[in-house]
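J.: Structure provided below as structure tokens; questions to follow.
The values are calculated or read from the model by the stated rules, or taken from the named source; none is laboratory data. This is a predicted model, so every value here is computed, not measured. No Cβ is skipped: glycine too gets one built from the backbone with ideal geometry, and neighbour counts run over all protein chains shown.
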Amino acid sequence: MVNIARGSIDRPIYTWMIMLIFLIGGGISFLNLGRLEDPAFTIKQAVVVTQYPGATSEQVAVEVSEPLESAIQKMEEVDYITSINQPGVSQIDVHIKSTYDGTELPEVWTGLRAKVADAGRHLPNGVQTPLVNDSFGDVFGIFLGVTAEGFSDAEKHELATFLRRELLTVDGVADVDIQGLPEEAIFVEPDLALSVNQNISLNAIAGAIANADAVNAAGTVTTGAARTRIMRPDGSDTVSEIAGLSLGQDGKVVNLVDTSRVFRDRVDNPRQIIRYNGEEAFTLGVAGIATENIVVVGKRVDEKLARMAGDIPAGVELHPIYQQHVVVEKASNDFLVNLAMSVAIVVAVLAIFMGWRAAVVVGVTLFLTVVGTFLFMGFFSIEMERISLGALIIAMGMLVDNAIVVAEGMQISMLQGKNSREAADEASGKTQIPLLGATIIGIMAFAGIGLSPDATGEFLFSLFAVIGISLLLSWVLALTVTPMLGHYLFKQGKGDEGDAYGGLIFRLYGSSLRLALKMRWLVIVGLIAVTAVCYAGFGLMKQQFFPDSNTPLFFVHYKLPQGTPIATTSAQMELLEDWLDERDDVVSYATFVGQGATRFMLTYESEKANPSYGHIIVRAENLEAIPPLQKDLEAFGAEALPEGEFRTKRLVFGPGGGDPIQVRFSGSDPVVLRQLATQAAQVLTETTDNITSVRTNWREQELVIKPIYATERAQTAGVDREDIADMFQFSTDGLTTGQFRENERLIPIILRRQPDGAFGLVDQVVYSTTSNSFVPVEQMVDGFVHETQNTLLHRRDRVATITVGADIRSGLTAAQVQTEVTAAIEGMHIPVGYKMEWGGELENSSEAQESLGKQLPMSLLIMVLISVLLFNAIRQPIIIWLLVPMSVNGVVIGLLGTDMPFTFTALLGLLSLSGMLIKNGIVLVEEIDFVREEGLPMREAIVKASVSRLRPVMLAAVTTILGMAPLLTDAFFVSMAITIMGGLAFATVLTLIAAPVFYLVFFGKEERREKKAAAPA
């Protein structure tokens, strides 16, 4: 077999070249690596929005959503479909199967548009063309609030256009999103008394307005060889010109200004209202190109804004709400600090226990492994983001092992008088294949995650890739750089230093191990008992899918009864703003009324448009200030805003925005669904006190007024249903009759009743085309009826579905509360034809675990096969794999002792821990086999081999445990750090005690055979 270590000493030029390439190339690659907050991940979701003015939510669901969903559902790429049906509008969310990656989505969206277009041709009259939005998942990570006190609405629009145009010129910027600008309209308010006296119908006014500024082709004139285009006459492009329009009816001509008031103003019910620190604002969201380094793009944007400062008018201020590039840069810098601290700790520990020479050798190898990983990350276009940085941290515990094993073996051999080449030959010759096998097993522990063909694999691929690259490099460098540096630094002894393992610690361990071997059955029973207790304790641990973010932000959600106008919601949000203004621990806040904010981070889910919804993004001084601030704010909200649903929510790593506890009911009858939802809400609140803010996504029913059309009288008078509907629209919200063009803006022209004076539905008049006169509306209807209607109908996979959601008390995890309510909800009687499903964090974590569960068996099989092939036997792999279930013991003790939850990152730490344990187990069992081949008795061979592995195993454990210490202050990695620290401490005992004991038990027959052969005849 080729000995790589000896070759690295004989031909050092190659090793030096590798070191220089890694050092220089890795440094350059690190500086140029793309930096993101989260992995580049495609949100596989598109939104289909269809307007159906005048239709009820039930009509929208049946006449619009149903045919569109039926067509969309035929696509094999579709996972599931949800829709929100409101009066006059259908919004369908199309979720694509997670097995399709980002490169396949453009073709999927093309197919979706074709399906929607085909189905759209068969929709009822009055339904507008469905619009497909496939940029739903764009992330605008540079999110600014813009205030411009004293500026007119038109000037604010001009400012927004200027800022957007300039920022789009910045290299690396993909898009700029503007939200919250004041919504204006040109209002035309006829004097109804004059209009009736002059017999001027609304249609006449509307017709004149509609054509006031229309753009039409006027033809061309050809004279000889020239062709000249004829322009249309200039339209009415100012408010005063619109007011001066002439109206003609029944042979009479009057000016619009003589019968109507024409003016420009804000609309009464805008789609959204935004304020920053209580001051009216609009938001500016900047999205970077996916392949660009967001830190570099962010700095370019900052530089551009700094250069534009002279062109931005005085009084305009840009306030950062969220700056992804700052967050990412801080995370990268913190990682570098943690990495430097980890390497320093490794070197310090090795210097204490192995001397400074070994510390330098292993430390340099570790550093080269890290920079080499950066080099290959650059080759494979893997960005530095939360997952890839986490992978490097996870790998740190396994990177040291290979170098320590080789360095320690080489150092011991040289102390015994062998030269460096012989020592390298001996140290690596018997360990290079076991170390390679153990390294591959460690990589395969994460293969199920990274190679998963679904969204989990896409999001976590960098985890698998970085761990795979770094561990393979650690093996290569341990067999090249470590021996070569050892050749230069390690001292050769004379061979008379005595037993290298004769120290006190080695002798104490040897004695303890002999006692354990003697009392092996008692040891095994004790291990089984401890494992059983720890597995029982696993159920006591708090479970959490993703931890809270370490960004000092939290959210406020406020929901008034369905149907509340946006002005009322805005006024109530001002009470919260006044309270926040008085708090010294609040740095800033941004208020959004009518819908949520622009998606400023990948895991942020913006609430859908709803006038009764208010939202605040609060930035606190630090993380420690958030819990008391939340508590005080919730107490104030409960007291000051009792008529609405008030709650606060922490920003979390990973998917967010949903309710921690959710249960869905599906079926055909909305009445039955509401009854089930009411019953479920009651069950939740009665079952546990840990449930708060129970709500349904259908919200409250709304009161509607419905005129009863007097068919015979109205038709005789020539008044149809549309005439009556238009009259009521004119008398209330106003009729949009044209557009006013102002540069790129299209401002609606709204014809409406003058709001001054008393108003009654029955007092209105409607124009009769038969008599060419106005007639009272009360003659055209047989009165009015009042109804309550569902105005927020949700469907899932074409079936009406109501969701009951709830929050949980602070300090608890969703998994804890879920266990308290599961049996009670599942014990409800569900009528035939209806079904109940769990949603919320249970569904999210279950889907993630199911995805892992599909891939882990194959990874596990490969790991087992490698361990069998390494030994060409069965018993040794069984010994090693018996240790793996026991690795949970230290994890449970660590997490329970620190009261930390078992999160998704802790799961990754557990996988890493399994890889470390298997690697140590392989090297130890292989060493026992080698020593047995020397002819020593079974027990002596076990003790000698185990003692020789004591220092590498202990040092690897100590360096890894201490190397994780800097992560204890990181909110994202703290659970993982505790998992590895506690688990590895216990796993070290398993490696040094349990593995030798199991070896003796499994090879007891050989020991008896040896004794029998050694006994005198």
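J.: Is it the case, given these coordinates, that GLU497 is modelled with pLDDT under 85, touching a helix residue (DSSP H, G or I) at 6+ places or on another chain (Cβ under 7 Å) and of a type outside the set (Lys, Arg)?
T.: yes
J.: Kindly establish whether LEU907 is touching a Ser or Thr at 6+ places or on another chain (Cβ under 9 Å), surrounded by 14 or more Cβ atoms within 10 Å (Cβ to Cβ) and of a type in the set (A, V, I, L, M, F, W, C).
T.: The answer is yes for LEU907.
J.: Further question: When you look at THR238, is it loosely packed, with under 11 Cβ neighbours inside 10 Å, at pLDDT below 90 and not aromatic (Phe, Trp, Tyr), yes or no?
T.: no
J.: Moving to a separate point now. Of the conditions (1) out of contact with any Lys or Arg (no Cβ under 8 Å at 6 or more places or on another chain); (2) crowded, with 21+ Cβ neighbours inside 10 Å, ARG664 fails just one. Which one is it?
T.: Looking at each condition in turn, ARG664 falls short on (1).
J.: So, one more: Mind checking which pairs have a first residue in region 73-88 that is farther than 16 Å from ASP118 by Cβ and part of a strand (DSSP E or B) and a second that is aromatic (Phe, Trp, Tyr) and modelled with pLDDT of 95 or more, Cβ under 6 Å, 6 or more apart or different chains?
T.: Close Cβ pairs (under 6 Å, with a partner that is aromatic (Phe, Trp, Tyr) and modelled with pLDDT of 95 or more) do not exist here.
J.: Ok, one more. Which numbered condition trips up ASP929, out of (1) in contact (Cβ under 8 Å) with a residue 24 or more places away in the chain; (2) of a type in the set (Asp, Glu); (3) over 21 Å from MET863 (Cα atoms)?
T.: With (1) in contact (Cβ under 8 Å) with a residue 24 or more places away in the chain; (2) of a type in the set (Asp, Glu); (3) over 21 Å from MET863 (Cα atoms) applied to ASP929, the lone miss is (3).
J.: Out of everything in region 440-494 that is over 20 Å from GLY409 (Cβ atoms) and of a type in the set (D, E, K, R), what residue ends up being modelled with the highest pLDDT?
T.: By that ranking, first place goes to GLU458.
J.: What's the number of the condition ALA340 fails, among (1) buried (at least 16 other Cβ atoms within 10 Å of the Cβ); (2) small (Gly, Ala, Ser); (3) closer than 30 Å to LEU399 by Cα?
T.: Looking at each condition in turn, ALA340 falls short on (1).
J.: Shifting gears a bit: Count, please, the residues in region 789-830 that happen to be closer than 14 Å to GLN679 by Cα, outside any strand (DSSP E or B) and in contact with an Asp or Glu (Cβ under 9 Å, 6 or more places away or on another chain).
T.: Qualifying residue count, region 789-830: 1.
J.: Then there is this: If I ask for residues that are assigned to a helix (DSSP H, G or I) and touching a residue at least 24 places away in the same chain (Cβ under 8 Å), which ones from region 703-730 would you list?
T.: Listed by number, the residues that qualify are ARG713, ALA714, THR716, ALA717, ASP723, ILE724, ALA725, ASP726, MET727, PHE728, PHE730.
J.: Would you call ASP733 over 28 Å from THR791 (Cβ atoms), part of a loop (DSSP other than H, G, I, E, B) and of a type in the set (Asp, Glu)?
T.: no
J.: Mind checking which pairs have a first residue in region 304-332 that is closer than 17 Å to THR598 by Cβ and a second that is of a type outside the set (S, T, N, Q) and surrounded by fewer than 17 Cβ atoms within 10 Å (Cβ to Cβ), Cβ under 7 Å, 6 or more apart or different chains?
T.: As it stands, the answer is HIS325/LYS299, since those pairs meet every condition given.
J.: Could you please give the count of residues in region 544-586 that are aromatic (Phe, Trp, Tyr), in a loop (DSSP other than H, G, I, E, B) and more than 30 Å from GLN849 (Cβ to Cβ)?
T.: Residues that pass the stated criteria total 0.
J.: Here's another thing I want to ask about it. Please work out which one of (1) at pLDDT 85 or above; (2) closer than 17 Å to VAL989 by Cβ; (3) of a type outside the set (Asp, Glu) is the condition LEU865 fails and give its number.
T.: Just one mismatch for LEU865, condition (2).
J.: Among the residues that make up region 65-72, is at least one of them in contact with an Asp or Glu (Cβ under 8 Å, 6 or more places away or on another chain), over 30 Å from PRO611 (Cβ atoms), outside any helix (DSSP H, G or I) and free of Cβ contacts under 8 Å to residues at least 60 places away in the same chain?
T.: no
J.: Do we find a residue being surrounded by 14 or more Cβ atoms within 10 Å (Cβ to Cβ), in contact (Cβ under 8 Å) with a residue 60 or more places away in the chain, among the hydroxyl-bearing types (Ser, Thr, Tyr) and out of contact with any helix residue (DSSP H, G or I) (no Cβ under 8 Å at 6 or more places or on another chain) anywhere in region 548-556?
T.: For region 548-556, residues surrounded by 14 or more Cβ atoms within 10 Å (Cβ to Cβ), in contact (Cβ under 8 Å) with a residue 60 or more places away in the chain, among the hydroxyl-bearing types (Ser, Thr, Tyr) and out of contact with any helix residue (DSSP H, G or I) (no Cβ under 8 Å at 6 or more places or on another chain): present.
J.: Looking only at region 831-847, decide whether some residue is farther than 27 Å from ILE691 by Cβ and assigned to a helix (DSSP H, G or I).
T.: no
J.: Within region 357-387, track down each residue that is surrounded by fewer than 23 Cβ atoms within 10 Å (Cβ to Cβ), touching a residue at least 24 places away in the same chain (Cβ under 8 Å), of a type in the set (Gly, Ala, Ser) and in a helix (DSSP H, G or I).
T.: Matches in region 357-387: GLY378 only.
J.: Restricting to region 887-899, count the residues that are surrounded by 18 or more Cβ atoms within 10 Å (Cβ to Cβ) and either at pLDDT below 85 or outside the structural domain of ALA977 (by TED's automatic domain parsing) (or both).
T.: 1
J.: Which residue, of VAL132, VAL127, is part of a strand (DSSP E or B), touching a residue at least 60 places away in the same chain (Cβ under 8 Å) and either of a type in the set (D, E, K, R) or within 25 Å of LEU746 (Cβ to Cβ) (or both)?
T.: From the options VAL132, VAL127, the qualifying one is VAL132.
J.: Restricting to region 259-289, and then to whatever is surrounded by 22 or more Cβ atoms within 10 Å (Cβ to Cβ) and polar (S, T, N, Q), can you tell me which residue is nearest to the chain's Cα centre (by Cα)?
T.: Looking at the filtered set, the residue picked out is THR283.
J.: How many of the residues making up region 305-335 are part of a strand (DSSP E or B) and more than 19 Å from the chain's Cα centre (by Cα)?
T.: Residues meeting the conditions: 5.
J.: Give the residues of region 81-127 that are of a type in the set (Lys, Arg) and either closer than 26 Å to ALA290 by Cβ or crowded, with 18+ Cβ neighbours inside 10 Å (or both), sorted by residue number.
T.: LYS97, ARG113, LYS115
J.: Looking at this structure, is VAL593 touching a strand residue (DSSP E or B) at 6+ places or on another chain (Cβ under 8 Å), within 26 Å of SER549 (Cβ to Cβ) and crowded, with 21+ Cβ neighbours inside 10 Å?
T.: yes
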